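These notes are about the structure you will find just below.
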Amino acid sequence: MRRVVITGIGAVTPLGNTAEETWRAALEGRCGIAPITRFDASGRKVKLAAEVKSFAPETVLEKSELRRMDDFTVFGAAAAKEAFLGAGLSMDSEDADRCGVIFSSGIGGLGTIERENRRAQEKGYDRVAPHFIPMAITNMAAADIAIRHGFHGVCECVVTACAAGTSALGNAFRQIRDGYQDVMLCGAAEAGITPLGMGGFTSMKALSFSEDPARASIPFDKERSGFVMGEGAGALVLEEYEHAVKRGADIICEVAGYGASCDAYHITAPQADGAYAARCMVNAMRDARISPEEMDYINAHGTSTPMNDRCETAAVKLAFGGAAKKLMMSSTKSMTGHLLGASGAVEAVLTALMVKNGLALPTINYRVADPDCDLDIIPNEARRAEIRYAMSNSLGFGGHNASVIFRKI
């Protein structure tokens with residue numbers, strides 16, 4: 001099996017409009033949560049979200065293109081462009097048939113669907129925008145990225161709810177490791193801060209109703225009450241190790257293993273004992289050929305819902321046994337909110353940078369200990385630490401579990 005490394009990263013997040021901006025803000029423990037500006041939320045139960053801020057898409061894409069793109073595709077294109085440029089790839093010297101894309105989303109063009117439905121109600125269904133369908137369909141970020149960069153290899157969009165970004169990375173890793181491709185541009189994008197999107201999660205009581213940004217997304221805190229909706233994208237360029245070395249690429253870290261499983265239990269709730277989330281983590285460690293004692297850090301799914309954080313803690317204990325107490329673990333959703341399908345991609349970017357820089361990001365705004373969540377969750381301040389192996393977990397609606405492992409190189 002071939003080795004796989006990360007040579008480029010990109011991000012558009014509530015913390016910053018590049019991977020570097022996002023990383024610096026996260027190191028400082030900044031919170032990307034604020035009152036909603038995308039629409040008038042004054043009469044709504046949920047008034048906070050983690051929005052992308054001061055993002056000027058016309059600096060990345062042509063204005064003529066933007067009219068034909070949903071926000072999730074725009075975020076994805078911007079993050080992918082940053083990752084591609086950061087990797088220093090030149091398609092003049094690449095075999096385009098050996099370069100692929102796996103870029104995901106949990107929901108896709110929800111904003112476009114809402115807008116065009118309003119137009120249809122006012123003017124008739126035959127008067128919706130001619131680009132409605134290609135703007136709305138979930139695979140369009142992947143297709144746009146392949147077109148934009150001339151990648152002719154595999155091009156897919158894995159839709160596994162909140163695990164989509166990690167699923168995309170894991171499947172891209174396998175494409176290279178198993179010899180099908182040499183370069184993969186992978187990740188995920190989401191733009192779900194819309195009236196309907198927020199209403200749907202509000203009605204199922206998944207979101208925090210707090211109006212205090214410092215007490216809204218508080219993973220593993222006993223007072224947690226729900227997640228905070230986020231938006232944005234994360235992108236990574238993966239390469240076969242010898243391919244990267246041959247062209248003198250700057251290697252960030254290695255992708256060492258990937259695991260997946262399904263609770264096969266409930267459409268939204270995780271399995272209480274965390275058995276199959278634990279199985280997913282064990283699968284990833286077996287894939288990486290490491291023991292639980294070798295893991296140094298986990299970027300938890302850590303949504304700030306009462307059930308997720310309790311069940312994920314139980315899953316980590318089950319997967320790691322006695323080594324769980326020695327693990328560092330944090331949730332960067334305390335800063336970014338929950339980017340749904342894009343969360344795993346952004347968290348992969350941040351976890352790769354933690355491995356490279358020897359710095360573990362914190363779970364900010366943590367105040368009240370929960371005996372059900374009693375692992376080392378790196379409260380409030382980043383921690384300098386040698387990180388040889390790090391895991392990033394994503395646990396999606398429908399029981400979709402995905403874990404990816406990064407190795408220092």
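For the pair segment 1-67 and segment 269-292, the centres of their Cα atoms are 29 angstrom apart. Over all other residues within a Cβ to Cβ distance under 10 Å of A49, the charged ones net out to 0, with Lys and Arg as +1 and Asp and Glu as -1. Taking amide H as placed 1.01 Å from N in the peptide plane, the amide H of I298 sits under 5 Å from that of M328, M329, S330, M391, each at least 5 places away or on another chain.
Classify segment 102-208: rounded, prolate or oblate, from the alpha-carbon gyration tensor (a ≥ b ≥ c, eigenvalue square roots; a/c under 1.5 rounded; otherwise prolate if a/b is larger than b/c)? Verdict is oblate for segment 102-208.
Rounded to the nearest 0.05, what FRET efficiency is calculated for E28 and D126 with R0 set to 41 Å and r the Cβ-Cβ distance? Efficiency computed from Cβ-Cβ geometry: 0.20. Considering all different alpha carbon pairs of segment 167-306, the Kirkwood hydrodynamic radius works out to 18.0 Å.
Two tests apply to each whole DSSP H helix in the chain, Cα reach of 18 Å or more along its axis and mean Kyte-Doolittle hydropathy of at least 0.0, and the ones passing both are 71-87, 275-288, 343-357. For the chain, a Gaussian network of Cα nodes joined below 10 Å ranks Y366, Y265, Y276 by mean-square fluctuation, and the top entry is Y265. Only DSSP H runs of four or more residues enter the estimate; each adds -39500 (n - 2.57), and after division by the residues of the chain the mean residue ellipticity at 222 nm equals -10000 deg cm²/dmol. Of all DSSP bridge pairs formed entirely within the chain, close to 70 percent run antiparallel.
Taking the DSSP bridge list for segment 4-246 and keeping only pairs wholly inside it, about 65 percent are antiparallel. What's the center-to-center distance, using Cα atoms, between segment 361-384 and segment 107-151 in Å? If we compute the Cα centre of each part, the gap is 40 Å. Sorted ascending by nearby beta carbons within 10 Å, beginning with the fewest, L238, L359, L110 become L359, L110, L238. With each label modelled as a point 7 angstrom along the Cα→C-beta vector, the D97-T202 pair spans 5.3 nm. Structure shown: which of K333/K356; K47/K356; K317/K408; K246/K408; K81/K356 lie over 31 Å apart, alpha-carbon to alpha-carbon? In this structure, K47/K356 lie more than 31 Å apart at Cα.
Note on the chain: GNM, Cα springs under 10 Å; of Q271, Q121, Q175, the largest mean-square fluctuation is that of Q121. A Gaussian network model of the chain, with springs between Cα atoms under 10 Å, assigns the largest mean-square fluctuation among A19, A272, A360 to A272. When each of the peptides 222-229, 150-157, 79-86 is scored by how many other beta carbons lie within 10 Å of its residues on average, the order from highest to lowest is 79-86, 222-229, 150-157. Going from the residue with the fewest nearby Cβ atoms within 10 Å to the one with the most, T305, T336 rank T305, T336. By other beta-carbon atoms within 10 Å, ranking M307, M328, M354 with the fewest at the front produces M307, M328, M354.
Taking all Cα pairs closer than 8 Å and separated by 6 or more residues, the relative contact order of the chain comes to 24 percent.
Bear in mind these aren't lab numbers, they're just calculated from the coordinates by the rules spelled out. All values reported here derive from a predicted model rather than from experimental measurement. No Cβ is skipped: glycine too gets one built from the backbone with ideal geometry, and neighbour counts run over all protein chains shown.
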